[in-house]
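Rule-based calculations on the coordinates, nothing more; no lab input. Note that this is a predicted model, so its numbers are computed, not measured. Here the Cβ is made from the backbone with ideal geometry for all residues, glycine too, and neighbour counts use every protein chain on show.
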Amino acid sequence: MRVVFALFDTLNRRSLGCYGGTTVKTPNFDRLSRRSVTFDQHWVGSLPCMPARREIMTGRHNFLHRSWGPLEPFDHAFPEILGQQRGVYCHLATDHAHYWEDGGATYHTRYDSAELIRGQEADAWKGIVEPDAEKWAQQYHPLQYSIARRHKNRINMANREYITKPEDYPAAQTFSAGIGFIERNIAADNWFLQIETFDPHEPFDAPVPYRDDYPTDYRGPTLDYPNYGPVKETPAEVAEMRANYAATLAHCDHQLGRLLDLFDRHDMWKDTVLVLGTDHGLLLGEQEMWGKLVMPVYNEVAHIPLMIWHPDHAAQAGQRRSALTQTIDLMPTFLELFGLPAPAEVQGQSLLPLLADDQARIRDAALYGQHGCAINLTDGRYTYFLYPPNVKGGNLHNYTLMPAHIKSLFSVGELLDATLAEPFSFTRGLRVLKVPCTEKSPVFNRQGSGVQIDCKTRLYDLASDPGQLHPIDDAQVEARMLRQMIALMVATDVPPEVFARFALDPALRDDAALVQGVRGTREVLPG
């Protein structure tokens, strides 16, 4: 068995032609969809980037216990399991900058080998002590210009000084590295390759030719790095930002095409599985918002693409699946491809049965969210965003044995308040640090509850309102969604204080009591 996992970051489902998108030319994504089984109800789990990757590697949710952080000593990561139990050689080719940071440093070392491409986004790669500030101020829009030391925009502007030719772009280098691995090992069996590019994540920087199909009337300096939050730009600036995303996605499509051409040349379709996915999407002005993290997890972020080619299911080429799936399902799928069962704590289910049977189902509802923010649920028809009465009101902790945030270790102030918690069902008997999430944390006002806006519990009917523009008031549906949410929370072994934080009684099962309890503690938007 040989498996290639192509993982893109911030791949917007609605931008792909095979999912009905019309704004970007994606011939190679569409080409793969015609050969693969394409999943129409695939959803995120833990957000954003590294929490999603921890979930992909371990097959279980982490957002109710932990913010962005490293893999934990008790985590079972699929590359290690494959290597230890089946002798599968696992290789990672990536330009994902977060693997170089404190909060991602334990991920790439789970593979047998890793080829790491530098220069994406705020990857602190090239050192320019005295940059040409005047040149940069003219070259970049004020919204994305900063000369402040260690600021992500300064780092990115420095990196771009060294990315001048199409072959210099990290996404191109990443796919070249992955293709090189395949060509070197084309005669070998029993390997797993993960080709993972940070694109089309912002900044939306692509080689110049890819912008030709997406002209705008904008004539200002470079504008391709949106700030998360409400749209404040002019219509011309919004159009420019979206055009740059389109160009970056078109560049990704070209790189995917190189991989598909390689499959064609070596007839790898007969003996190699190809899985294509992402961690999450992005708001590109929908809901009058840019980005993720600070606002509710709308479907532009939560509802994501997934395609799987398997030689044993060639007869299903071009078919669609409506079963509800999540990123937690990838880990047990990878294990089953090599004949291995998932560890007991894994919450995901293998997707292989869905390839053969378009009527198969593996879950009735999917739980997803970001640490410290809303708990979200979908059953494919409805989406439900449940916020605590006071998002900054406490009863929130990080449970960890690896006290690191995205770019820093936990502060001394945070750790002075830490206690030792009893084991969870998934920590393999280990007690863990219980660290209160307060403003002492360097990420409280960056990724946690401190940055949240528009914190209103709401229910949407996707059948009548796919854009999630008009919340509904339906007590019966809301009660059912709450029951499903509580059941999944219990199955996840959430910390007991989470129920208090959200004013939920896990013992409640009566519809009226559930809805009355929720509506009595928070605002539920009317229809």
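Structure notes:
- Sequence ranges 265-271, 458-464, 309-315, ranked by mean other-Cβ count within 10 angstrom, highest first: 458-464, 309-315, 265-271
- Here the chain carries DSSP beta bridges of which approximately 50% are antiparallel, counting only pairs with both residues inside.
- Using just its DSSP H runs of length 4 or more, each adding -39500 (n - 2.57), the chain gives a mean residue ellipticity at 222 nm of -8000 deg cm²/dmol after division by all residues.
- Once the C-beta distance of Glu134 and Tyr228 is scaled by a Förster radius of 25 Å, the resulting FRET efficiency is 0.35 to the nearest 0.05.
- Checking the cross-link pairs Lys25/Lys152; Lys292/Lys456; Lys135/Lys407; Lys25/Lys292; Lys152/Lys392; Lys392/Lys456 against a 18 Å limit on the alpha carbon distance flags Lys25/Lys152; Lys135/Lys407; Lys25/Lys292; Lys152/Lys392 as lying beyond it.
- At an R0 of 45 angstrom, the distance between the Cβ atoms of Glu183 and Ala356 translates into a FRET efficiency of 0.90.
- Computed log₁₀ I(q)/I(0) - Debye formula, equal Cα scatterers, no solvent, region 372-519, q 0.22 Å⁻¹: -1.37
- Cut-off under 5 Å, modelled amide H: who pairs with His42 long-range: Ile304, Thr325
- With 0.36 nm allotted per residue and the present C-alpha distance subtracted, the Asp261-Asp474 stretch has 71.7 nm of extension available.
- Each Lys and Arg Cβ is given +1 and each Asp and Glu Cβ -1; about its Cα centre, the chain then shows a dipole of about 520 debye.
- Estimated vicinal HN-Hα couplings, Hz - region 467-473 in sequence order (Karplus 6.51, -1.76, 1.60; Gly, Pro = x): x, 6, 9, 9, x, 10, 10
- Mean Kyte hydropathy of 0.5 or more with a Cα span along the axis of at least 18 Å, helices from DSSP in the chain: 475-491
- Length-normalised contact order for region 251-338 - Cα pairs under 8 Å, 6+ apart - percent: 28
- Here the relative contact order of the chain, from alpha carbon pairs under 8 Å that lie six or more residues apart, stands at 22 percent.
- Cα shape, the chain, gyration tensor, a/c 1.5 rule: rounded
- Packing here is the average count of other Cβ atoms within 10 Å per residue, and on that basis the peptides 323-332, 413-422, 63-72, 428-437, highest first, run 323-332, 63-72, 428-437, 413-422.
- This model, with +1 at the C-beta of Lys and Arg and -1 at the C-beta of Asp and Glu, gives region 378-472 a dipole about its Cα centre of some 220 debye.
- Centroid-to-centroid, using Cα positions, region 64-107 and region 181-209 are 17 Å apart.
- Residue order, fewest to most beta carbons within 10 Å, for Cys49, Cys373: Cys49, Cys373
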